[in-house]
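Colleague: The structure is given below, and queries will be raised subsequently.
The values are calculated or read from the model by the stated rules, or taken from the named source; none is laboratory data. From a predicted model like this one, the values you see are computed outputs, not experimental measurements. Note: ideal-geometry Cβ built from the backbone for every residue, glycine included; neighbour counts use all protein chains shown. All accessible areas refer to the heavy atoms of the entire protein, side chains included, with ligands and DNA or RNA removed. Shrake-Rupley method; radii C 1.70, N 1.55, O 1.52, S 1.80 Å.
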Amino acid sequence: MLAKTILIRLLSTAVTLFGVAVVVFTLIRVAPGNPISMMLPPGATQEDIANLNALYGFDKSLPEQFVIWLGGVLHGDFGTSITLRRPVSELVLGRLPATLELSVMALTIAVALGGFVAVIGARKRGTATEVGLDLTSGAVLSIPDFLWGLVFVLLFGVLWPILSISGRIDPRIDFDFTTNFYLIEGVLRGRFDVVGSTLSHMLMPAMSLALPLAAMIAQLLKQNLKEVLVQDYTTLARVRGFSETSVILREALRNAALPTIALIGVQFTFLIGGTVIVERLFAYEGLGNMAIDAVINRDLPLVQGIVLLFAALFTVINLLVDLSYTFLNPRLRNG
Amino acid sequence: MTSTHPTAQTLDIIKLNVRLANGRRLLRDVSLTLKPGEVRALVGESGAGKSMIGKAVLGILPNNLDISEGEIILEGAHLNAMTPSTRRKTVAKMSSLIPQDPLTALNPVRKIGPQITDPLIRIHGWSADRAMKRARDLLDRVHIRAPERVMASYPHELSGGMRQRILIAAAFAPSPRLIVADEPTTALDVTVQKQILKLIRELQRETGTAVLFVTHDMGVVAKISQQVTVLFAGRVMEDAPTQQVFEAPSHPYTQALIKATPTLNAVTKSFSPVPAELIAELHSDIAKIDAAYDAGDRA
Ligand SMILES: Nc1ncnc2c1ncn2[C@@H]1O[C@H](COP(=O)(O)OP(=O)(O)OP(=O)(O)O)[C@@H](O)[C@H]1O
Ligand SMILES: [Mg+2]
């Protein structure tokens, strides 16, 4: 049963990724702009152009190019970046940790903040506090992530400059990273200067990405909590002496969480999509920032690699969301 | 403020009034007492306010309702004079609820075991071992086979009758002085109803817990209670020992209720519903009394 589910899951993932690959491959080649002409100095000869075209395989037909590329991918070879002249897989995997740290940090902030506001709202249901929280989250939600980014830059980068507005870490810090997970490695190796600097660079982009999602979580979770809090088992818990906060956290939260988990699953992929612009805004050295450069430079292999990685990431997230349903709802567990 | 009461009652409700924000009274001057170990049935038609009384005692009235006047004294403690958190703890220490619908009264995402032991550990301050043992013993007492397995199950894996037995075990687990049982058999099959009723009666006798038993079935009243309070439209119509109520019901509404109960008239088959004229008459009487009251309120 479980094996069958996993098999179906893997197959559909493969189909999705293949579809994404075809679409991206075609789109970026059909779109105007030629990577070769951008690489060559002015005054290059027709022969130079033809040579380079042949080198990168751009002289072949589109289907042929695709088959060659796909063959490489199946052997773990995603091609070579035209502008950076290094293997796409190495470049992309090198940047992935930065984006993962940023988006997981943003997600954590969103869940913590949104969850906290939802619990307070449910605790204070029917009072002015609830109305105030509703209005606030409505307002927060109406401002998109990159505008929050600008707001934060103004607030904590310019007016009250306590956070770093550009990059991923203070370049003066002397630290030999073995992975590109700066934050995690800083924590694990007990280097608090590294942790501090990474956080100082990460906080604003993470908050920008987190705020709209936090507002969504606050609204949806509070609504579902309120629905659960009239159920008989919560009444029984009150009779048994548990405080309202305790009833919310122990009895209601898990029952109310399913729709929010589904929302987080969908919105997390949007959040990762949002890193593209937010990383650019804060010159944060992640995948999104690299993706923009790759598109500007028509670095076709690199664009493909990044998009494929994003797509793979999204399917993994969806899988995790589905698994969490089973964890939260015991009725789905057997069978 | 006096926090103790001279009488030795388990529960003493004195002239309790519950109102809506608009002033409408859902309970009017309800008084009743429960001696230790006594079972008092609370009967009346749907909407009479039976559950309301239980909720007022347990402190779980809906937000739009208010205890406007009256006293509730539980084991000598004046509940209405307490802060909400003290009241909550006092009520939890001394009383339990057996709910109406076992299907909705257990948390679907939590295992049975912790749902019984949690309050014992976290509210009553027992050790985990003691709570586990108590839960096991009581599940065994309510005829649940393989208590260990049941405690590791989720509610959806168990039948309605089993869940109600679990809720009964949970209610008796902290050895409360008072149990409010709000129509604990209404949601169950007829055959299961009998077992559940028997179980509550047995456990009540063994433990000497006082029970406020809400029901609309005079047949159940006859089986389980020593005292009866007959309620109509939020008013007490009759308050008497059960035997007396059946032998010589003093109020016409009580007489009609008895006549309306099939199980009590099975032999003669002469049962008939409470006449609509009687209900209308009672309502109009009450309206007159209310008008007089309200005039008094204004004066
Ligand atoms: N939250 C509320 N707001 C307004 N009216 C309410 C509320 N809860 C209950 N009532 C009303 O109070 C009255 C008494 O309700 P209660 O639930 O105590 O009735 P009951 O005697 O238990 O009836 P049943 O046998 O149907 O359970 C009913 O008329 C009901 O409509
Ligand atoms: Mg009721």
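Colleague: Kindly indicate which of B:181, B:105, B:187 is buried (at least 22 other Cβ atoms within 10 Å of the Cβ), within 11 Å of chain A (Cβ to nearest Cβ) and in contact (Cβ under 8 Å) with a residue 24 or more places away in the chain. If you could, list the steps in order and put the result at the bottom.
Modeller: Working: B:181 fails: within 11 Å of chain A (Cβ to nearest Cβ); B:187 fails: buried (at least 22 other Cβ atoms within 10 Å of the Cβ).
Among B:181, B:105, B:187, only B:105 is buried (at least 22 other Cβ atoms within 10 Å of the Cβ), within 11 Å of chain A (Cβ to nearest Cβ) and in contact (Cβ under 8 Å) with a residue 24 or more places away in the chain.
Colleague: Additional query: For residue B:178, work out the one condition from (1) closer than 27 Å to residue B:129 by Cα; (2) within 16 Å of ligand 1 (Cβ to nearest atom) it doesn't fulfil.
Modeller: Here residue B:178 meets the rest and fails (2).
Colleague: Residues A:99, A:108, A:13: which one is at pLDDT below 90 and within 30 Å of residue A:181 (Cβ to Cβ)?
Modeller: On the way: A:99 fails: at pLDDT below 90; A:108 fails: at pLDDT below 90.
Answer to the check: A:13.
Colleague: Continuing with this model, one more query. Among the numbered criteria (1) open to solvent by 10 Å² or more (accessible area, probe 1.4 Å); (2) away from every other protein chain (no Cβ under 11 Å); (3) over 18 Å from residue A:239 (Cβ atoms), which single criterion is violated by residue B:139?
Modeller: Status for residue B:139: all satisfied but (1).
Colleague: Tell me the helices (runs of 4 or more DSSP H) entirely within the range A:231-311 that contain at least 2 residues that are among the charged types (D, E, K, R), within 14 Å of chain B (Cβ to nearest Cβ) and over 19 Å from residue A:92 (Cα atoms).
Modeller: Details: elements: A:232-239, A:253-281, A:287-296.
Those helices (runs of 4 or more DSSP H) span A:232-239.
Colleague: Is one or more of the residues making up the range B:120-132 within 11 Å of chain A (Cβ to nearest Cβ), part of a helix (DSSP H, G or I) and either of a type in the set (Gly, Ala, Ser) or crowded, with 17+ Cβ neighbours inside 10 Å (or both)?
Modeller: Yes; the residues of the range B:120-132 include at least one that is within 11 Å of chain A (Cβ to nearest Cβ), part of a helix (DSSP H, G or I) and either of a type in the set (Gly, Ala, Ser) or crowded, with 17+ Cβ neighbours inside 10 Å (or both).
Colleague: Considering only residues that are within 14 Å of chain B (Cβ to nearest Cβ), assigned to a helix (DSSP H, G or I) and open to solvent by 80 Å² or more (accessible area, probe 1.4 Å), which ones fall in the range A:113-157?
Modeller: Within the range A:113-157, the subset within 14 Å of chain B (Cβ to nearest Cβ) is A:122-127, A:130.
If we keep only those that are assigned to a helix (DSSP H, G or I) as well, we get A:122-123, A:130.
If the condition is that a residue be within 14 Å of chain B (Cβ to nearest Cβ), assigned to a helix (DSSP H, G or I) and open to solvent by 80 Å² or more (accessible area, probe 1.4 Å), then A:123 is the only one that fits.
Colleague: List the number of the failed condition for residue B:188; all other conditions in (1) over 16 Å from the mean Cα position of the chain (by Cα); (2) more than 16 Å from ligand 2 (Cβ to nearest atom) hold.
Modeller: In the conditions (1) over 16 Å from the mean Cα position of the chain (by Cα); (2) more than 16 Å from ligand 2 (Cβ to nearest atom), residue B:188 misses (2) alone.
Colleague: Which numbered condition in (1) within 15 Å of ligand 1 (Cβ to nearest atom); (2) within 11 Å of chain A (Cβ to nearest Cβ); (3) at pLDDT below 95 is the only one that residue B:97 fails?
Modeller: Answer for residue B:97: the failing condition is (3).
Colleague: Quick one: which of B:90, B:86, B:10 is farther than 30 Å from residue B:294 by Cα, away from ligand 1 (no atom under 12 Å from the Cβ) and open to solvent by 60 Å² or more (accessible area, probe 1.4 Å)? So that I can check it myself, show each step before the final result.
Modeller: Values: B:90 fails: open to solvent by 60 Å² or more (accessible area, probe 1.4 Å); B:10 fails: open to solvent by 60 Å² or more (accessible area, probe 1.4 Å).
Every option except B:86 fails the conditions.
Colleague: Sort out which residues of the range B:181-203 are more than 16 Å from ligand 1 (Cβ to nearest atom) and in contact with a helix residue (DSSP H, G or I) (Cβ under 8 Å, 6 or more places away or on another chain), and write them in order of number. I'd like the intermediate steps shown before the answer.
Modeller: We begin by selecting, within the range B:181-203, every residue more than 16 Å from ligand 1 (Cβ to nearest atom); these are B:189-192, B:194-203.
Result: B:189, B:192, B:195, B:196, B:197, B:199, B:200, B:201, B:203.
Colleague: Hey, any hits in the range B:69-81 for a residue that's within 16 Å of ligand 1 (Cβ to nearest atom), over 17 Å from the mean Cα position of the chain (by Cα), surrounded by fewer than 20 Cβ atoms within 10 Å (Cβ to Cβ) and more than 14 Å from chain A (Cβ to nearest Cβ)? Steps first, please.
Modeller: Just the residues of the range B:69-81 that are within 16 Å of ligand 1 (Cβ to nearest atom), to begin with: B:70, B:72.
Then keep just the ones that are over 17 Å from the mean Cα position of the chain (by Cα); that gives B:70.
Adding the requirement that they be surrounded by fewer than 20 Cβ atoms within 10 Å (Cβ to Cβ) leaves B:70.
With more than 14 Å from chain A (Cβ to nearest Cβ) added as a condition, the list becomes B:70.
Checking the range B:69-81: at least one residue is within 16 Å of ligand 1 (Cβ to nearest atom), over 17 Å from the mean Cα position of the chain (by Cα), surrounded by fewer than 20 Cβ atoms within 10 Å (Cβ to Cβ) and more than 14 Å from chain A (Cβ to nearest Cβ).
Colleague: Is the range B:20-27 home to any residue that is assigned to a helix (DSSP H, G or I), surrounded by 15 or more Cβ atoms within 10 Å (Cβ to Cβ) and within 15 Å of ligand 1 (Cβ to nearest atom)? Write out each step before concluding.
Modeller: Quick first cut of the range B:20-27, residues assigned to a helix (DSSP H, G or I) only: none.
Scanning the range B:20-27, I find no residue that is assigned to a helix (DSSP H, G or I), surrounded by 15 or more Cβ atoms within 10 Å (Cβ to Cβ) and within 15 Å of ligand 1 (Cβ to nearest atom), so the answer is no.
Colleague: Among the residues of the range B:46-68, write down those that are open to solvent by 60 Å² or more (accessible area, probe 1.4 Å), farther than 16 Å from residue A:234 by Cβ and among the basic types (Lys, Arg). Show your work before the answer.
Modeller: Looking only at the range B:46-68, we keep the residues that are open to solvent by 60 Å² or more (accessible area, probe 1.4 Å), and these are B:46-47, B:55, B:63-64, B:66.
From the residues that got through so far, the ones that are farther than 16 Å from residue A:234 by Cβ too are B:46-47, B:64, B:66.
Those that are open to solvent by 60 Å² or more (accessible area, probe 1.4 Å), farther than 16 Å from residue A:234 by Cβ and among the basic types (Lys, Arg): none in the range B:46-68.
To keep it simple, each residue is scored yes or no on (1) free of Cβ contacts under 8 Å to residues at least 24 places away in the same chain; (2) under 30 Å from residue A:204 (Cβ atoms); (3) in contact with a Gly (Cβ under 7 Å, 6 or more places away or on another chain).
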position: A:63; (1), (2), (3): yes, no, no
position: A:66; (1), (2), (3): no, no, no
position: A:75; (1), (2), (3): yes, no, no
position: A:78; (1), (2), (3): no, no, yes
position: A:87; (1), (2), (3): yes, no, no
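Colleague: Counting only residues that are within 14 Å of another protein chain (Cβ to nearest Cβ) and open to solvent by 50 Å² or more (accessible area, probe 1.4 Å), how many does the range A:209-230 have?
Modeller: Number satisfying all stated conditions: 3.
Colleague: On to the next question. Report, by residue number, each residue of the range A:6-22 that is hydroxyl-bearing (Ser, Thr, Tyr) and either closer than 20 Å to residue A:303 by Cα or in contact (Cβ under 8 Å) with a residue 12 or more places away in the chain (or both). Before you say what the answer is, go through the steps one by one.
Modeller: Our first condition is that a residue be hydroxyl-bearing (Ser, Thr, Tyr); within the range A:6-22, this holds for A:12-13, A:16.
A:13, A:16, listed by residue number.
Colleague: Would you pick out the residues in the range B:155-167 that are buried (at least 21 other Cβ atoms within 10 Å of the Cβ) and in contact with a Ser or Thr (Cβ under 9 Å, 6 or more places away or on another chain)?
Modeller: Result: B:164, single match.
Colleague: Right, next: Here is a list of conditions, (1) surrounded by 15 or more Cβ atoms within 10 Å (Cβ to Cβ); (2) over 24 Å from residue A:17 (Cα atoms), and residue A:288 meets all of them except one; can you say which number that is?
Modeller: Residue A:288 satisfies all of (1) surrounded by 15 or more Cβ atoms within 10 Å (Cβ to Cβ); (2) over 24 Å from residue A:17 (Cα atoms) except (2).
Colleague: Would you check if there is a residue in the range B:48-67 being in contact (Cβ under 8 Å) with a residue 60 or more places away in the chain and away from ligand 1 (no atom under 13 Å from the Cβ)? Give the derivation first.
Modeller: First, the residues of the range B:48-67 that are in contact (Cβ under 8 Å) with a residue 60 or more places away in the chain: B:48-54, B:57-58.
Among the residues that remain, those that are also away from ligand 1 (no atom under 13 Å from the Cβ) are: none.
So far as the range B:48-67 goes, no, none of its residues is in contact (Cβ under 8 Å) with a residue 60 or more places away in the chain and away from ligand 1 (no atom under 13 Å from the Cβ).
Colleague: Just checking, how many residues over the range B:204-215 are polar (S, T, N, Q) and either within 16 Å of ligand 1 (Cβ to nearest atom) or closer than 13 Å to residue B:185 by Cα (or both)? Quick ask: steps written out before the conclusion?
Modeller: Our first condition is that a residue be polar (S, T, N, Q); within the range B:204-215, this holds for B:204, B:207, B:209, B:215.
Those still in the list that are either within 16 Å of ligand 1 (Cβ to nearest atom) or closer than 13 Å to residue B:185 by Cα (or both) too: B:215.
The qualifying residues number 1.
Colleague: Working only within the range B:33-68, note down all residues that are more than 16 Å from ligand 2 (Cβ to nearest atom), away from chain A (no Cβ under 14 Å) and not acidic (Asp, Glu).
Modeller: B:33, B:34, B:35, B:36, B:37, B:39, B:67, B:68
Colleague: Can you tell me which residue among B:152, B:170 is open to solvent by 30 Å² or more (accessible area, probe 1.4 Å), aliphatic (A, V, I, L, M) and within 12 Å of another protein chain (Cβ to nearest Cβ)? It would help to see each step written out before you state the result.
Modeller: On the way: B:170 fails: open to solvent by 30 Å² or more (accessible area, probe 1.4 Å).
Exactly one residue qualifies, and that residue is B:152.
Colleague: Give all pairs with beta carbons closer than 8 Å in which a residue from the range B:238-251 that is among the small types (Gly, Ala, Ser) meets a residue that is crowded, with 16+ Cβ neighbours inside 10 Å and assigned to a strand (DSSP E or B); count only pairs at least 6 apart in sequence or on separate chains.
Modeller: B:240/B:227; B:240/B:228; B:250/B:238; B:250/B:240
Colleague: Can you find a residue that is open to solvent by 60 Å² or more (accessible area, probe 1.4 Å) and within 27 Å of residue A:243 (Cβ to Cβ) anywhere in the range A:164-187?
Modeller: No; the residues of the range A:164-187 include none that is open to solvent by 60 Å² or more (accessible area, probe 1.4 Å) and within 27 Å of residue A:243 (Cβ to Cβ).
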